[in-house]
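Q: Before I ask anything, here is the structure I am working with.
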Amino acid sequence: MLLKELIEGVQVREIIGNIDGLQVGGVCYNSLKIKKGDVFVAVKGFNVDGHKYISNAIENGAVAVVVEDCAADLAVPQIVTADTRAALADLAANFYGHPSKNFKLIGVTGTNGKTTVTYLVKAILESLGHKVGLIGTNQNMVGNLVLKSERTTPESLELQELFSIMTREGVDYVVMEISSHSLCLNRVRNCEFEVGAFTNLTQDHLDFHITMDNYAEAKSRLFSVCKYGVVNIDDAYTESLVKNATCDVKYYGVKNDCDYKATDISYSGKGVDFCVNGSRIHLPVPGEFSVYNALCATGISNMLGIDTAYCGSVLKDIAGVKGRAEIVRIDAPYTVMIDYAHTPDGVENIISTVKGFCKGRIITVFGCGGDRDRTKRPIMGSIAGKLSDICVVTSDNPRTEEPMSIIEEILTGIKNTDAVYEVIENRRDAIEYAMGIAREDDVVLLLGKGHETYQILGNDIIEFDERKIVAEIFEKMSK
């Protein structure tokens, strides 16, 4: 591809050097991954500034660089722009031929529920014979092919590459999770959404957004780049979220009148049942949040021309999503459940759900992630302490923070409750302790890791699959 073609639509301030007839072989923003003939995009990240690695990129074969700050005496042309993140998204879309035009794209944003909703919509579409791509927290999928997922929403270059793979594989729908970071950092720039959906907004990522209003504003951007919107009317931030929406918005909820209102709701340990617009829906995942997730998936499907009754016929057979209210299969008189809950709202939702069917005690094992929003730690401790019978406070992904420092911040919340609690820093030991004290009909609730099969300690990633760990501990206890 000619560099002149690659930079079409990019907001170029200045071109330094001659680009006439210059052929490029690819786009890259990591100087270590540059191939001969690539264009290097110097992105200013939170920890690393790509401008520091321009010379390395050129040494490794870059034939041009895209920069915000031009450098002197470079051997290759420089494309100067005000925002290299935006430029990266434009270059990526150009290089891969704007692949999101080749299928219908559905984006789901919100603090909690994104993963479950995307899986529900995928299941509904696939039941009709469509080939569906999925992009999200658990994994990326092209039909049944599973690809590794490193973040909720990939960087723009990887995202457009994924879209091109999906196009090549004949995908006709793509359902993806849209993080607030991706909306702020131009990762989904140049994506053409058929439907955008909003689940809820609760405290998370304030290390990045600083305020909840900023967080809501980031989420709202999805509704200026989609044709249809499907939005939770019961959420406190919905009004501000859609005030500048340019799409046709439909609402779903439980408490307020709306386009998709759940009525005649029945909850049990086997799932939820409710009626919406004359059709009965059953989702075999317990909890009020399951009603909202099913409503959201149904609303999205309706926008795609699929009727509510048909959605109900598919949803009743869905077993659930890995790491979301997931029961670990062991032959014990108590239950072990794994859930990804890592926000105050998520913790409250899952423990409240378990209280609805648990006949014994709720033993909650949880921690908080390091290098992330610290303000939610005491709040999560307070919620877990109020709703659980026993709390076991432990590590999650401490990253570069001291695990006990994180735990101490959680304890400031727990100590304001009447909770019985233990502190066991090692997460495996904490799980073993919880299973050791569990009695018949108790529920041991492991929160925070969900689908993850690893733990981040410092800068190291170690294997940590709670399903395997629970099975190993149970086998050891059974001997």
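Q: Among the residues of the range 152-175, are any more than 30 Å from G129 (Cα to Cα) and open to solvent by 30 Å² or more (accessible area, probe 1.4 Å)?
A: No; the residues of the range 152-175 include none that is more than 30 Å from G129 (Cα to Cα) and open to solvent by 30 Å² or more (accessible area, probe 1.4 Å).
Q: Can you pull out the residues in the range 454-479 that are among the polar types (S, T, N, Q) and either on the phi > 0 side of the Ramachandran plot or open to solvent by less than 20 Å² (accessible area, probe 1.4 Å) (or both)?
A: Hit for the range 454-479 is Q455, nothing else.
Q: Out of everything in the range 275-299 that is of a type in the set (A, V, I, L, M, F, W, C) and more than 17 Å from A197 (Cβ to Cβ), what residue ends up being surrounded by the fewest Cβ atoms within 10 Å (Cβ to Cβ)?
A: So in the range 275-299, the residues of a type in the set (A, V, I, L, M, F, W, C) come out as 275-276, 281, 283, 285, 289, 291, 294-297.
Filter once more, so that each one left must be more than 17 Å from A197 (Cβ to Cβ): 275, 285.
On the way: C275: 16, V285: 23.
Top of the filtered list is C275.
Q: Okay, next question. Are any of the residues in the range 198-210 of a type in the set (F, W, Y), under 22 Å from K104 (Cα atoms) and within 18 Å of the chain's Cα centre (by Cα)? Before the answer, list the steps.
A: The initial filter retains those residues of the range 198-210 that are of a type in the set (F, W, Y), namely 198, 208.
Then keep just the ones that are under 22 Å from K104 (Cα atoms); that gives 198.
Filter again for within 18 Å of the chain's Cα centre (by Cα), leaving 198.
Taking every residue of the range 198-210 in turn, at least one turns out to be of a type in the set (F, W, Y), under 22 Å from K104 (Cα atoms) and within 18 Å of the chain's Cα centre (by Cα).
Q: Is it true that some residue in the range 61-70 is surrounded by fewer than 23 Cβ atoms within 10 Å (Cβ to Cβ), small (G, A, S) and closer than 28 Å to L241 by Cα? Reasoning before the result, please.
A: Step one: list which residues in the range 61-70 are surrounded by fewer than 23 Cβ atoms within 10 Å (Cβ to Cβ), which gives 61, 63, 68-70.
In the following step, the residues that additionally are small (G, A, S) were identified as 61.
Then drop every residue that is not closer than 28 Å to L241 by Cα, which leaves none.
No; the residues of the range 61-70 include none that is surrounded by fewer than 23 Cβ atoms within 10 Å (Cβ to Cβ), small (G, A, S) and closer than 28 Å to L241 by Cα.
Q: Filter the strands (runs of 3 or more DSSP E) completely within the range 346-453 down to those with at least 3 residues that are open to solvent by less than 10 Å² (accessible area, probe 1.4 Å) and in contact (Cβ under 8 Å) with a residue 24 or more places away in the chain.
A: Details: elements: 362-366, 390-393, 420-423, 443-447.
The qualifying strands (runs of 3 or more DSSP E) are 362-366, 390-393, 443-447.
Q: Within the range 300-345, which residues are open to solvent by 20 Å² or more (accessible area, probe 1.4 Å), of a type in the set (D, E, K, R) and not in a helix (DSSP H, G or I)?
A: Answer for the range 300-345, where residues must be open to solvent by 20 Å² or more (accessible area, probe 1.4 Å), of a type in the set (D, E, K, R) and not in a helix (DSSP H, G or I): D307, K316, D317, K322, R324, E326, R329, D331.
Q: Going through the range 56-70 one residue at a time, which ones are of a type in the set (D, E) and in contact (Cβ under 8 Å) with a residue 12 or more places away in the chain? Even if it seems obvious, please write down each step before you answer.
A: Here is the first cut: in the range 56-70, the residues of a type in the set (D, E) are 59, 68-69.
Within the range 56-70, E68, D69 meet the criteria.
Okay, residues lined up against (1) part of a strand (DSSP E or B); (2) among the acidic types (D, E); (3) in contact (Cβ under 8 Å) with a residue 60 or more places away in the chain:
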position	(1), (2), (3)
Y119	no, no, yes
G129	no, no, no
L134	yes, no, no
T153	no, no, no
E158	no, yes, no
E161	no, yes, yes
I165	no, no, no
V174	yes, no, yes
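Q: Now for a separate question. Pick out the one residue from Y260, Y228 that is under 22 Å from Y310 (Cβ atoms), in contact with a Ser or Thr (Cβ under 7 Å, 6 or more places away or on another chain) and of a type in the set (S, T, Y). Give the derivation first.
A: Working: Y228 fails: in contact with a Ser or Thr (Cβ under 7 Å, 6 or more places away or on another chain).
Testing whether each residue is under 22 Å from Y310 (Cβ atoms), in contact with a Ser or Thr (Cβ under 7 Å, 6 or more places away or on another chain) and of a type in the set (S, T, Y) leaves just Y260.
Q: Restricting attention to the range 74-93, which residues are open to solvent by less than 30 Å² (accessible area, probe 1.4 Å) and over 26 Å from the mean Cα position of the chain (by Cα)?
A: V76, P77, Q78, I79, V80, T81
The values are calculated or read from the model by the stated rules, or taken from the named source; none is laboratory data. Note that the structure is predicted; figures quoted are calculated from it, not measured. FYI the Cβ positions are ideal-geometry reconstructions off the backbone, even for glycines, and counts take in every protein chain you see. Heavy atoms of the whole protein, side chains included, go into the accessibility calculation; ligands, DNA and RNA do not. Shrake-Rupley method; radii C 1.70, N 1.55, O 1.52, S 1.80 Å.
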